[in-house]
Structures are given as structure tokens and as C-alpha cells.
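Student: One structure follows; several queries about it will come next.
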There are 4 protein chains.
Amino acid sequence: MSTRPDLDRVRDFVETHCIPREAPVHVHDPLALDQTLAELRPIARKAGLYLPQMPLEHGGLGLSWVERAAWLEEAGRSYLGPGAMNCAAPDQPNMISLMRHGSAAQQQTYLRPLTEGRIRSCFAMTEPAPGAGSDPSMLLTTARRQGSGWRIDGHKWFITGALGASFAIVLAQTQEGPTQFIVETDNPGWKVQRAIRALDPFAIGGHGEIMLENCCVAPDAVLGEVGRGFEYAQQRLEPARLSHCMRLTGRARRALELAQSYVNHRHSFGQPLADLQQVQAMVADCHIDLHASRLMTLDCAARLDAGQSVKTESAMAKVFVSEALHRVVDRAAQLMGARGMSEDTPVSLILNELRPFRIYDGASELHRATLGRRFLQSSQGDKT
Amino acid sequence: MSTRPDLDRVRDFVETHCIPREAPVHVHDPLALDQTLAELRPIARKAGLYLPQMPLEHGGLGLSWVERAAWLEEAGRSYLGPGAMNCAAPDQPNMISLMRHGSAAQQQTYLRPLTEGRIRSCFAMTEPAPGAGSDPSMLLTTARRQGSGWRIDGHKWFITGALGASFAIVLAQTQEGPTQFIVETDNPGWKVQRAIRALDPFAIGGHGEIMLENCCVAPDAVLGEVGRGFEYAQQRLEPARLSHCMRLTGRARRALELAQSYVNHRHSFGQPLADLQQVQAMVADCHIDLHASRLMTLDCAARLDAGQSVKTESAMAKVFVSEALHRVVDRAAQLMGARGMSEDTPVSLILNELRPFRIYDGASELHRATLGRRFLQSSQGDKT
Amino acid sequence: MSTRPDLDRVRDFVETHCIPREAPVHVHDPLALDQTLAELRPIARKAGLYLPQMPLEHGGLGLSWVERAAWLEEAGRSYLGPGAMNCAAPDQPNMISLMRHGSAAQQQTYLRPLTEGRIRSCFAMTEPAPGAGSDPSMLLTTARRQGSGWRIDGHKWFITGALGASFAIVLAQTQEGPTQFIVETDNPGWKVQRAIRALDPFAIGGHGEIMLENCCVAPDAVLGEVGRGFEYAQQRLEPARLSHCMRLTGRARRALELAQSYVNHRHSFGQPLADLQQVQAMVADCHIDLHASRLMTLDCAARLDAGQSVKTESAMAKVFVSEALHRVVDRAAQLMGARGMSEDTPVSLILNELRPFRIYDGASELHRATLGRRFLQSSQGDKT
Amino acid sequence: MSTRPDLDRVRDFVETHCIPREAPVHVHDPLALDQTLAELRPIARKAGLYLPQMPLEHGGLGLSWVERAAWLEEAGRSYLGPGAMNCAAPDQPNMISLMRHGSAAQQQTYLRPLTEGRIRSCFAMTEPAPGAGSDPSMLLTTARRQGSGWRIDGHKWFITGALGASFAIVLAQTQEGPTQFIVETDNPGWKVQRAIRALDPFAIGGHGEIMLENCCVAPDAVLGEVGRGFEYAQQRLEPARLSHCMRLTGRARRALELAQSYVNHRHSFGQPLADLQQVQAMVADCHIDLHASRLMTLDCAARLDAGQSVKTESAMAKVFVSEALHRVVDRAAQLMGARGMSEDTPVSLILNELRPFRIYDGASELHRATLGRRFLQSSQGDKT
């Protein structure tokens, strides 16, 4: 698939080091991945594949968004790839936030060990009902000034990466508006209540449910400016969403590769499954979906590289790509019959990884309503 | 939903006894269910709900197929319901096979403890590639006459219910053609190699991979006549498939009920989710899919009660119902957002239960090709 | 397809008399059909197939709804069938309205010649924006008392059957509420401005745009009671909608029969198209859609025969059947390649006949929103 | 929509000159368009918009493929646009064929008047069953050497542009293989039997059915080399297909613009249709489909500009774009209710224009089978 030398190196790394380390022990064990990633990161670093998305001055490879699109797809063929190359969520968008809004001291304390892969982090925004889910105006977590610092109280939910994280970027309501705080997880006010078990089996650090109770932080825990927390969250969401699209395009391609190999080798009623027209049509539809998904993501990447807004395009890409990739993996699993339903193949696990992407980072229905309203409003003056 | 007194009793039993016993310990633990079912069966029996599908002379309630359709749907709202009422697969079709083809001695030894719920059984037909998957002509398991009895050798796969079963009905090739044998699982030639972990989390007795090696059985282990094993397998498949449709219609309805309750109570952007038109449309589509599914199944049930063939109708129902129910649960999960992806609700588990039904009992693609050929051949003489 | 003697007679009539009379001159010429129907009606009468839906005392055959379902499907294989048997819209629901709500004099003057096939009629409810489209509360046509009678003014639109009709049942707003009036079309206040050309090519009497200007009618022009016009309109809509489902199921089946014959006889790349799996799958999906459509309609028919409400079931059937039949014909046309796009076959015309059914009698989106709200409200008390 | 000055000029031309000239007289009258196009071409020429796709030396504007993509979309908003700018099928691909393979004399006689818009042409390849439809190996039209020239006999079908064409490029079988001939339509051996009436209402020159009987042509009627006719046909098909995608993207966008304006202005149940979430979601899906369609086409355009093969990518684009645009217009028509079904709006006509594109230039099913086989073969060595 890949034809550029750098992509071949990513592919080799994934084939040689990541895929062979994929193992049942990782399934639904958020901490089991850490050990394997610790093995893989030095190899990725030696291969010159580490931290592709960060600028050189932060120890990264300085890839453009367009370059990243191809790299993240290749890395994403294994659930271990992006973590090994330290370009996985939620650390990737956290690094970008710290780089943009963090003070020199915050960068020294939090960004540096993150880029070096010594610690993990999480982003604590989502709240259980009736708090901030898809509607951020319902933010119930509060930060009140106490002494020179702040006291944070609230309930967070589906905090990906929370288990094993060293710090969290927490969104909380202040009198001046929503604000982001850096909270170290050994703060006695930060309590991981449980890992929420969800369909996706390989989230690094799982999905935590968190209680923030009398969680006191120093004045310099504020990330960026007080009151601009939502704005920062919005800014990080678009690239984060696109990076997901890139990584998961790789994952869906992997499922398709496995299904193609299966139908090429398996016979039924006297002929290879690959000779059946329904199989051919399903394979064709998978490639069409992958191709269109890539083009949607790449279009956004090029706009980001050009410094343009991708507000509308990234929402369209999120809806299309999340649904198209799910179709790809659903077909791949179907092509493999009973085997495709079993954990004897990664395909069934990838199917469960892909399904939540139609909800995480904004459910399709929410994006559709927002997009539809935006298009209709912008065409209100049309005389046609 | 149910409006008849007998169905209300089934519903009460499921609500009062089954749903409260649903528990995380059952997930992907094929034997954990047995204990809970052992608790539930006496309650079901006392409530007059036990063994609805069997005739009175075998201790059952003697329900017609049309009656069963409604009962199995109600029972199927919980994954514990059908097992509790002893109308779950694979014991249900095994009982029917033994009743039809078993000798008096076989019925005494195997059918009776099965109907009484003292033992479990399985049906060993499917083989891994290159053996009999969807194409039964590829049957590789052999039974050779040895002394007065038989020696069976082969490799079976995806044998639902194998773990904890007391006996298996095994399909094997003989010189006279495919034949069904009753094999007790303490036979040293029957080896359960492993439970295959698959998407569906609640198969009673899991999905076993089995080696039959020098598995010697007595002459009276043959079920029915030698050489008619495929014919019997075909006969059991149609009702088995329809019973799945009935039970899983209940499961999908449960997911929809949970989703409806969720959108009725959860607010976003200042209004209940239930007030959003996209939500209303998704709910409507779920009910339309459920209604059509029920009608497809009921139509077959009425034909079976009338002694008619359902060869074509049951294949159409299998394709439609398996796909429609999956759409229902996929929408239900989507309606519940992140919660719908978590195991905090049964909906995500039901989604994983429903997905394999598009493959088990004949993949949709296989049925479509067979149906299409049949319709085209029967219309070949048409002059239009 | 049909297996009952009476249905065979309908089928023979359609094959022998209707299909051979289908002709290009009928396309988009609302009056051209009248002449052909005049030829066909005596034949239908002689064959004992005339007016199946009306009771014996009105000269009909007194068929139940369940019987009608099969008859109307058979008749509907040709666009000439239902008109020939005088069970086509809008005369069919108008006859039912007159039978239910008409005075003895009205029945003598209007119902009798209608049942005898001597005249045609129409139902004038829909108005162009901003009037009563799908939302009847926007009714702008008014009827004001003037002398002992009424004066009606308004603008009607998409009035099927208006061209060549002898009278119209007009819905107009009065001080006492919406009311139905019988207006003879030679009334100088009734002006057919034009036939609206729409996708469906074979509407008997076309779709008229009507101006009602100072249209004076006598006191006995009121149909039923003053102020109950909407209630009557609602009552007629459900059976009217179901009758459409029945007739159009026949039309879609005809398209499928033609496509099956095509793929059975046409070769490509060395084999009959019928041997290609994609073709087989498309044919299978057509039959599944037809089967499910029939069952949805039949279920409503049985409820109507039992005197039950079909408010919810008929709305579900309308959405499902209109969309399923459109899929059937879309696939049939696709199966026939370029020929399926041409008017060399009725299939392309049937495709254009079927498309508007997703809008006429209530757009799918409207039904979905209404159904969804209804289901959600009725489940509000659920504790699940 | 367009933001570049040159595209604004195209848009102005279409809005000011083409759309106002759209008229019912053009519907299904292949020759009625000629007169209107004759009026429009001088205006297009004066506006510097004429012949965008041809190089400067042939009187064109020399646009690259990427530039053309945007121009053809803008031009395609009206069915009159591409013809007015002389970049419509089948003249556009015929000009490219003549430019590539034509002798200097052929270019003088045929290409020049074509580029100048003085004559029209057609491409005669497709044959009715059992001849060359989608399978070119079934070519039945023959060309036999006779004297120094050739005699052509055969039956052609669905020859777009045939009515009113001055010459045809005819594909016929010779002893040396399939060969392209230029046949002038006043040749007594060329007989247009009829215009085949098909769903698409605006084909310039209609779709002709042609008999070639003893059609004698001179030696210099051969286009390019004898025996390479299929190769040339393949070469023209890919760009021709992509140009269709570009033009029809414009047509679908026009339908969406009209639907957006409709729902912005029309009220139902007390609110603008634009406020309904189902409407917003349908509008969003239309934009997502249009965006993805554009990206698929643009990707091929960039490859063509870079001299790369687009064999696979253009087939994927054809399948995706033809289906996506049909969905867009189907939704647009649905959004407009009964009006969307009528010819009061161009939307219903555009719906009928778009439907055949899923068949013309290769049916979706054919492309899917070919693509699937190609992908499966190229992955046969994969070890995964």
C-alpha cells in the first residue's frame, strides 16, 4: 500500500515489532499496554519514527499534517503503533495544548516527560448526566479560588487514559468562565473510581470515572488564561478528531487486509470465496470507503497546513470517516464468517474499536444537526 | 407491550427474576450461567413457564409455533430468560431432534434429563477450514465401523454449548453418507480443546473447539438412520433459526426500551433528547424494524403450525430479521451516547450478541445467493 | 405467484386484457386512460372482478380487507388493472366516504354513477404553500354561509383525478371547523388551472391545480356534518394509504418479474446475468422487500377486518412499504441496465410511479417524527 | 460556493444566461436544445468561457484537469451550461479522440467544426443484446474491406447525441480487431431508426437507435490504427466518466440549493422546515456526499494532470459519485415534498437525469466486481 520510503519504514516497524506483540492480555486491560509500549518506544526512536507530530525543538520529527496523515494511517494498522511512536490520544492533543498554552515551567514539568514517553496524561472534560456530555454549557465541575490557588470539585466520566496517568488537564467552571487546570493524579482530591468497561478494547489507560473532591491546586495549575478553557478545548478537538480518523483508517485497512487474505485462501462450494461476486463487491466497497475516508482527512490536513479553518470540513470528515470505517470493518468481519466473530482474528476486536468512534468526539447525529443548520443559515440569502 | 395474560406472566418472570440476576460475572464465562439458570428453573417451573415448546407428554406446555413466537420474544428480553424456561439453543433443537429421531432408549437416556434441565447438550456439525462450514459437502469428520460400533475422528469448531455439555449430537461422514451420532462427553475420544472467545458474550456453554480422536461409540449411538444425517440437520435448522429470531427480537426490544427510557430522561442543549427529530426518527425506525421482524417470523410460525414448508420463507426471515435487529440495537446504542458504548448498560452487550446472528445459522450472503437462484430458476419459464 | 382460483382470474384479466393495452399514449396524458378504462370495465364486470371493495348492496363484490390485499396486488401489476376493476384512487376512497357519510340523495346522485363507472371524482384537500400540505391546521380554503348555501374560495393543488372528474369532495374551513363539500365540476366557481406534471406518469385524471372562486353550493352540498371534515379525512386516509400499498406492491412485483426475465435471458462475459451472485443477491433482496411489504399490509388488513384501529400500524406500513417498493423497482431497473432506463420497458415508468409514494399520503419524515413521538410518549412511564 | 474569479464568471454566465433559458420545451426533445445552445455559445465565447478543456492551439482555454473539475461543476448547475461552453458529452470526448488519433485531414474536416460549435457528433459503440453492452468482446458490428474502403454493418443502440449529429465515431469488428471509423451521418448506410426515450430528459441529440446497413466508407475513414479501436475506447472512457462526474456534481448541487431555499422559506406545524432536525440531517448528508464526490473526482484530476493512470481511482470515483449524487438529489426532492415530485421545479428532472448515471459508463455492479477482483488479485501474495 505505502510507496514512500518513510512510510515503508513505518510499515516495517509495525509489521516487525508491533503486530507480533499484539496479545490477548491487552484486551480490556488498560495498564497491560504500558509495558508493551515501553518495550516498543526505544525501537521506534532508534528507527527514527518517534514523535512524528511534534516540532524538532520538542524532540519530534516535525511532520506536516499531510505527512502525518499517511504516517498515522500506517502506524494505526496495529493498536500498538501510535502508542509506540508516541502519537496516540490523549497524549498527542495534550502535548499540543501544553505547547500552545503552557508556561515555560509547565512545559518543563509536564510536556517534556510526556514527549520523552516517561509519563502519560489524560484530558478530563466529559461529565455524566446531567453534566457536560455533548453540550459543554452543562459543565458542572467547579473551580473556586481558595487562598492563592483553586479548589476543584466535580465528577468526570469516560476520561480516556486516566488509569496510570501522571496528570490530567481538567476543564472546570470558574466565575470567569470555563478554565483548564493541570491536576497531578497523586493529588488527594483526584480519585479514579473505576475503569468504565466499554466496547473498545485497547484504550491506553482505559476510560476512567473520576471524582474531584476538594482537589486543591496551586495558582500555576491554570493552563493558559482563566476563562478560555472552552475555546482551547474546541481548538484541540478538530485536530484530535482528524488524528483519530488517520489512525483508525489504518486499523480498518488492517481488518480489510486480513479479510482479503481469508477470502483468497478459503474455499466454499468448490471455489475460493474470492471468486464470488458478492465477496468482490464487498471488497470493492471497502476500498471505496477507505479511499474516500483518506481523501476527506487529507483535505483537512492540507487546510490545516495552510493555516485555514477546518471547522466545517473536519465535522464532515468525522461523520463520514467514522461511519465509513465502521462499514469497512463490519464487512471485513462478515467476509470471514464465524472466524470474523471470534477473537482468533483481530478483526472482531477492531470492529469493537471502531463502533464507539461514531459517538466519541461528537456523535454523528450532533454533527449532522450542527452542519445542517450551518449550511442552511449560510444559504438563507440565496434567491434560487 | 404484551397484552395477553400468559405473556404477562412471562414478562413478570423476566422482570422479577431474570433481569435482576443479570451480572458482569456472566460475561464471556460460559459456565457462570449454569448456576444462575439452576436457580431460575424451579421458579419458571412453579410459574408454569417451563419448557413451553415441548409437547405435554414430554413435560412441556405444548405451545404452537405461533404461541411460541410471542413467548420466546418475551423470554428473550433477558439473556437468562430462554435458558431459565429451558427453551434456549442448542438444547431446544436437540430435544426436537431426539423426539423425532431418537429410539425409546435414547429418549430415556438423553431426552428426559434434558427436558428436566438436569443436563446440557450440544450439536457438533461445523468444522474449521477446509471442513464443513457453510458448505456441508466438505464434511471431514469420519465415522468408520469398528467392531459392532463406530470410531469417529474429526475436528469441530464453534460448537455452541460444548463446555459443560453431557452429550453431543455429532455429524460425521460414513460410507452410507452423513450420519448423526450421540457422543457422551466423558468419552475419552471427545476433547474440548478450548472455548473460542467470540463477540457474543452469553452463549450457554460457550463455543467449543473439539477434537474427536479415536472416539469409539456403540451401535446404538446412531441417531435415526445411518446416512440421513444431513437431512435431519436441515430439518432442525429452519425451526432453530426461527427460534433464534424470536428470542433475539426480545433482546433487541429490550435494548430499545432502555434507549427510549434514556432519551426520555436525558437533556441536551436545553431539551429532552426525546424532543429531537433525529431521535424520534431513529426510534420510529426501530419499531418499524421490530414490527416487520415479528411479522416475518410469525408468518413462518403459522406455516409451521399448518404443516407447510418454510424453506424459502425462513431463509428470507433469517436474512431480514438478523439484519433488522442489528440495526435496532445499533441505533439503541447510538441513542445512548457514550453510555451505550459502556457495559454500564446491557445495550452494548446486546449489540455484540446480535452481530454474529448475521453469520451464525448461515451468513446473509449465502442465503441471498441461494434465495436469488431459487427465485430466478422458478421464474425461468415466465414469458414476461 | 397467485395460487387461489379467484386470484388466478384477476391475474388472467390483467395479463389478457390490461397489459396488452398499456401504451405510450397513456404516459402523462391524464385523459387518455379514460378511453382504455371504458373498454376494460365491461370485461372486468363480465369476469366478475368489478368493484371488489364495495359491499354487495352497492354493486360490489364485498371482499374483506384481507381478500382485497391479494386482489389489489394482482390488479396492480398493470397501471390499468385497478381502474378497470374500479378500485383505483381517488374514486375508491371517495366511494367509501359517500357510503359512510353521504345522505340517501347524495348516494343516489354521486355514489351510484361512481360505482357504475359512469363518472369520475376527486378529493380536494391539499393546498400550495402556505396552505394545508402535510399540516392540515394551515387550511386556507374557506366556506362562508351565503343565503341558505355556502360560498367556497380557495386554491387547491395536486388534486389527483381532477381532470375529467364530475365532482370533487372539497375540504374547506368554516366557522364551525373544517367541513367537506361536494362540488360539481361544472360549477363556474371551480376552475382547473392546469394539470401539474409530476414524476408519476399514470394518475387517472392527472394532478390538478384548482382555483375555487366564488364557488356557490347549495346547503345539501355538505358531506356528513359541518365541522367534522378533518375527522372524515383522517378516517379515509388510513385505508386509502393501505390500498395504495396493495396496488403498488403489484406494480413493483411486475417490475421484478420483468427484471428476472431479463437476467434469465441476457448474457454477459460468457454467462447468463442470472448466474452472477450480485444479481442473485439483488433479486433476493427484492423478494424479501416484497414479502415484508405484503406482511405489513396484511397485518393492517386483518386489523381493519377485526374493527381495530390501525393508526400506528398503517403509518409504519406506509413508511416501510413505500420505501421498500421503491428499492425493489430501483433494483429491477438497475438489473436491466440501459434498457431499464428506457421506456422500452415499463420498469422505468414504474420507477417514476413509485418514487412519489414516499411523499404522497404523508412524507416518510413526517410519519417517522409522529411515530417516534408517539412511541416515546407511551414509554414515558417505563422504569427500565 | 465558488470563490475564485474565473469560477465566478462561469457562475454568472450560468445564472444570467443559462438558467433563465431552461424551459419545458427542452424536456425529452433532443433537437430543441440545439437552438438554445446556438444562442448561448456566442455569449460564452465573448465571456471567455468557451471550450475550456481544449488546448489553446485548438481554440480552447487549455485548462488542466484540476481546473476543469471546478469549471465543469459550475457549468453543470444548468443542463444548458456545458453545451453552451462546448464541454458537453459526447462532443468533448470525441474532440479528445480526434486530437489524439486523428490525421491532419480528419482534424481539419471533423475536429475544427466541432470545436467551433458548428456541428455535433456521436460515439457509436453500444449494441443491443446479444451485442456489445458492458462486455465489449460481444461486438457484433462488422467492418469488411470492400474495394479500397470498408463496408460496415451492424446495429447500435443508446447512441447519445445521434439525432442531429453530423458524424459518428463507430466501433466495428475487423479481421485485424476492433477499429474506430468516422462515418458521416448523411451516408445512406447510416439510419437513425428512432430516439430511445429514457429517464434522462436533456441528452443533447437524444439516445439514438441506429442501423448500419451496407454503410460504405473510404479508406481514410479509419480513426487511428486498424485493430486498436478498443484500446482507444478505453482511453476515452476514463476522462469521459470523470467529466460526467464533474458536470453532474454541479447538477446535484443545484438541486440541493433549490431544496435549501425551499426549506428555508416553507413552514409546517408552526416552524420553518429548516428548523427540523431531520431536514438538517438530510442537508448535512447532501453536503457530505457532495464534498466526498468532489474529492474523489479531484484526486483523479490531479493524477491525470500528473500523467498517472486512473484506472482504479476513476472506477472507484464513478461508483461512489454516481451513487452519492443520486442520494443528494433524491433527498433534495424529498425535502421539497409534492413540489419536488413536480416539474414546477428542476429538481424532479435532475433526479431523472441522475438515475441513469449509475448505469451509463459502466453499471455500479460491473465496476464493483472488476474492482474487487483487482484488489483481491493484487493482495494474493499478502501473508497477513
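The values are calculated or read from the model by the stated rules, or taken from the named source; none is laboratory data. As the structure is a computational prediction, the values presented were derived from the model and not from experiment. Counting neighbours? That spans all protein chains shown, and the Cβs are built from the backbone with ideal geometry, glycine included. Heads up: the accessible areas ignore ligands, DNA and RNA and are worked out on the full protein's heavy atoms, side chains in. Shrake-Rupley method; radii C 1.70, N 1.55, O 1.52, S 1.80 Å.
Student: For segment B:130-170, list whatever residues lose no less than 50 Å² of accessible surface once every protein chain is in place, relative to that chain by itself, with the probe at 1.4 Å.
Tutor: SASA drop of 50 Å² or more in segment B:130-170: B:Asp135, B:Trp157.
Student: Considering only the label points, 7 Å along Cα→Cβ from Cα, what distances in nm to one decimal separate C:Glu225 from the same position in each other copy, shortest first?
Tutor: 6.9, 7.1, 8.9
Student: Each label point is 7 Å from the Cα along the Cα-to-Cβ direction; what then is the distance between the points at D:Arg112 and A:Glu57, in nm?
Tutor: Result: 6.5 nm between the two label points.
Student: Consider the operator that turns chain A into chain B: which A residue has a Cβ nearest its axis, and what is that gap in Å?
Tutor: A:Asn352, 4
Student: Shifting gears a bit: Starting from the Cα gyration tensor of the protein assembly as shown, take the square roots of the eigenvalues, sort them a ≥ b ≥ c, and report rounded, prolate or oblate (rounded when a/c is under 1.5, otherwise prolate if a/b is larger than b/c, else oblate).
Tutor: It is rounded, given that a/c, with a ≥ b ≥ c, falls under 1.5.
Student: At a 1.4 Å probe radius, carbon and sulfur cover how many percent of the accessible area of chain D?
Tutor: 52 percent
Student: Further question on the same structure: Please list D:Arg373, D:Arg145 from largest to smallest accessible area, probe radius 1.4 Å, with all protein chains kept in place.
Tutor: Ranked from most to least accessible, the order is D:Arg145, D:Arg373.
Student: Between B:His155 and B:Val27, what FRET efficiency follows from the Cβ-Cβ distance if R0 is 22 Å, with the result rounded to 0.05?
Tutor: 0.20
Student: Connecting C-alpha atoms closer than 10 Å in a GNM of chain A, tell me which of A:Tyr79, A:Tyr110, A:Tyr360 has the biggest fluctuation.
Tutor: For chain A, modelled as a Gaussian network with Cα springs under 10 Å, the answer is A:Tyr360.
Student: While we're on this one: Mind listing the label-point distances from C:Asp305 to the same position on all other copies, shortest first, one decimal in nm, points 7 Å along Cα→Cβ?
Tutor: Copy-to-copy label distances at C:Asp305, shortest first: 1.4, 6.7, 6.9 nm.
Student: What pairs in B:Lys191/B:Lys318; B:Lys156/B:Lys191; C:Lys156/C:Lys191; B:Lys156/B:Lys311 have C-alpha atoms more than 21 Å from each other?
Tutor: B:Lys191/B:Lys318; B:Lys156/B:Lys311
Student: Here's a follow-up. Please report how far the C-alpha centroid of segment A:1-56 lies from that of segment C:214-279, rounded to the nearest whole angstrom.
Tutor: 58 Å
Student: Follow-up question, since we're still on this one. Using a 1.4 Å probe, what is the accessible area per residue for chain D, in Å²?
Tutor: Dividing the accessible area of chain D by its residue count gives 35 Å².
Student: Pick out which of B:Ala32, B:Ala172, B:Ala89 has the largest mean-square fluctuation in a Gaussian network model of chain B, springs linking Cα atoms closer than 10 Å.
Tutor: B:Ala32
Student: Follow-up. Once you sort the root eigenvalues of the Cα gyration tensor of segment B:101-168 as a ≥ b ≥ c, which label holds: rounded (a/c under 1.5), prolate (a/b larger than b/c) or oblate (the other case)?
Tutor: It comes out oblate by the Cα gyration axes.
Student: Let me ask something additional. State, to one decimal in nm, how far the label point of D:Gln193 lies from the label point of A:Ile119, with both points 7 Å from Cα in the Cβ direction.
Tutor: In this crude spin-label approximation the distance works out to 8.2 nm.
Student: OK, next. Which whole-number percent is the relative contact order of segment D:188-254 (Cα, under 8 Å, 6+ apart)?
Tutor: For segment D:188-254, the relative contact order is 26 percent.
Student: Now a separate question. What is the Cα convex hull volume of chain A when expressed per residue in Å³?
Tutor: Spread over its residues, the Cα hull of chain A gives 155 Å³ apiece.
Student: Another question about this same structure. For segment B:321-384, just say rounded, prolate or oblate: build the C-alpha gyration tensor, square-root its eigenvalues into a ≥ b ≥ c, call rounded for a/c under 1.5, and beyond that prolate if a/b exceeds b/c, oblate if not.
Tutor: It comes out prolate by the Cα gyration axes.
Student: Take C:Glu184 and D:Ile43, extend 7 Å from each Cα along the Cα→Cβ direction, and tell me the distance between the two endpoints in nm.
Tutor: The answer from the label model is 5.1 nm.
Student: Taking only Cα atoms, what is the 0 to 90° angle, nearest 10, from helix B:229-265's long axis to the longest principal axis of chain B?
Tutor: The answer is roughly 20 degrees.
Student: Looking at segment B:188-242, which GluC sites (Glu not before Pro) are DSSP coil and have at most 15 other C-beta atoms within 10 Å of their C-beta?
Tutor: For GluC sites (Glu not before Pro) across segment B:188-242 that sit outside H, G, I, E and B with at most 15 neighbouring Cβ atoms in 10 Å, the list reads B:Glu225.
Student: How many nanometers, to one decimal and shortest first, lie between the label point of D:Thr16 and those of its other copies, if labels sit 7 Å from Cα toward Cβ?
Tutor: 6.4, 6.7, 8.2
Student: Relative contact order of segment A:230-339, please, whole-number percent, based on alpha carbon pairs below 8 angstrom and at least 6 residues apart.
Tutor: RCO, segment A:230-339: 40 percent.
Student: How far is helix B:364-378 tilted off the main Cα axis of chain B, in degrees rounded to 10, range 0 to 90?
Tutor: The two axes meet at around 80 degrees.
Student: To the nearest 0.05, what FRET efficiency results for B:Ser309 and B:Arg4 with a Förster distance of 30 Å applied to their C-beta separation?
Tutor: 0.55
Student: Ok, one more. Kindly express, to the nearest 10 degrees and within the range 0 to 90, the angle between helix D:32-46's C-alpha long axis and the longest C-alpha principal axis of chain D.
Tutor: So the inclination is approximately 80 degrees.
Student: Could you compute the FRET efficiency for B:Asn214 and B:Asp135, with r as their C-beta to C-beta distance and R0 at 30 Å, rounded to 0.05?
Tutor: Taking R0 as 30 Å, the efficiency between B:Asn214 and B:Asp135 is 0.65.
Student: Which percent of Cα-Cα pairs in segment B:1-109 sits in each 10 Å bin, short to long?
Tutor: 14, 45, 30, 10, 0
Student: Next question, about the same structure. Who wins for biggest fluctuation among B:Ile159, B:Ile359, B:Ile182 in a Gaussian network model of chain B, springs between alpha carbons below 10 Å?
Tutor: Taking springs between Cα atoms under 10 Å, the residue moving most is B:Ile359.
Student: Could you report the buried accessible area between A and D, both sides summed, computed with a 1.4 Å probe and given in Å² to the nearest 100?
Tutor: Chains A and D together bury approximately 3500 Å².
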